[in-house]
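Student: Sharing a structure with you now.
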Amino acid sequence: MGALRPWARYGLLVVAHLLALGLGATVLQALEGPPALRLQANLRAELATFQAEFGACLPPGALEELLGTALVAQAHGVSSLGNDSEARNWDLPSALLFTASLLTTTGYGHMAPLSAGGKAFCVAYAALGLPASLALVAALRHCLAPLLSRPGAWVATRWQLTPPRAALLQAAALGLLVVGVFVLLPALVLWGVQGDCSLLEAIYFCFSSLSTIGLGDLLPGRGSGLHPALYHLGQFALLGYLLLGLLAMLLTVETFSELPQVRTMVKFFGSSGPVNAEDEGAILGQDELALSTMPPSAAAPAEAPAC
């Protein structure tokens, strides 16, 4: 494959991406199609039963009009159902969570602006806030990267690992740490507090939040009958979780993207020729930061002069 032209390599990459999209759509269609049909059939059966029992008391089309109004309100995060903790969707904790989901591009979709002024403000706020958020995250990543590289540098010195293996070990350790601290541990807490969601649903929520997918079909505290104080406290906790979790995810992605194996693959699609030894040597330059944090005693001895 090294003899392929660049346009052929990019074409191969696009075809592989399209095949992956088709595979994902096919699997989801097979998994989610039958439950959706069953849910639709149950809804129609419930509507038919309701109309059979109370249809004589309602004008024609009144039920459909009421349901349509309720669905439109629900799409904007407004509902008359549930407990009192969710009666005001635009109180301070809810507004803070909405702005955090906006600036982190999570976008749960559980709330949406109703007024034209609110929609215009969201456009301006996101246009200014997203670059500022990215700059803040980049600055924090720049400060934290040397600290996170020190344990890997120490292990590499202790075990006398080569730079590629040391980088792979550091990336794997950071990935496991992020999964444990920002996915599994919060999922266990959510599973224990929420009560009406399974452990798989809790893990699904944590992953969709950290990956900024934010499908919004599951939110902590909604519809679980929590006390208003606990509900708002959970919103503040979710706010901090989004900010810290996004930073941890970006650090992990950055670490994996700097792996020699990943950069070799990128080099394959970006160069016009095969990857040679010089290119592979240049790829290892990303380990300079990790090696610079080693103690002075770990420095390599000076080479003996040539005879």
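Student: For the ranges 21-30, 192-201, 143-152, 205-214, what's the packing order if you count other beta-carbon atoms within 10 Å of each residue, average per peptide, and put the highest first?
Tutor: Numbers: 21-30: 10.0, 192-201: 13.3, 143-152: 15.3, 205-214: 19.4.
Packing order, densest peptide first, comes out as 205-214, 143-152, 192-201, 21-30.
Student: Please find the FRET efficiency linking T26 to V189, where r is the Cβ-Cβ separation and R0 is fixed at 30 Å, and quote it to the nearest 0.05. Before the final figure, lay out the partial values.
Tutor: Details: r = 35 Å, r/R0 = 1.17.
After rounding, the FRET efficiency stands at 0.30.
Student: Say each of A45 and V181 gets a label point 7 Å from the Cα, pointing the same way as Cα to Cβ; how far apart are those two points in nm?
Tutor: Calculated label separation equals 4.9 nm.
Student: At 7 Å along the Cα-to-beta-carbon direction for both A116 and L66, put a label point, then send me their distance in nm to one decimal.
Tutor: 3.3
Just so you know, all these numbers are worked out from the coordinates, no wet-lab data involved. Please read all numbers here as calculations on a predicted model, not as lab measurements. We place every Cβ from the backbone using ideal geometry, glycine too, and count neighbours over all the protein chains shown.
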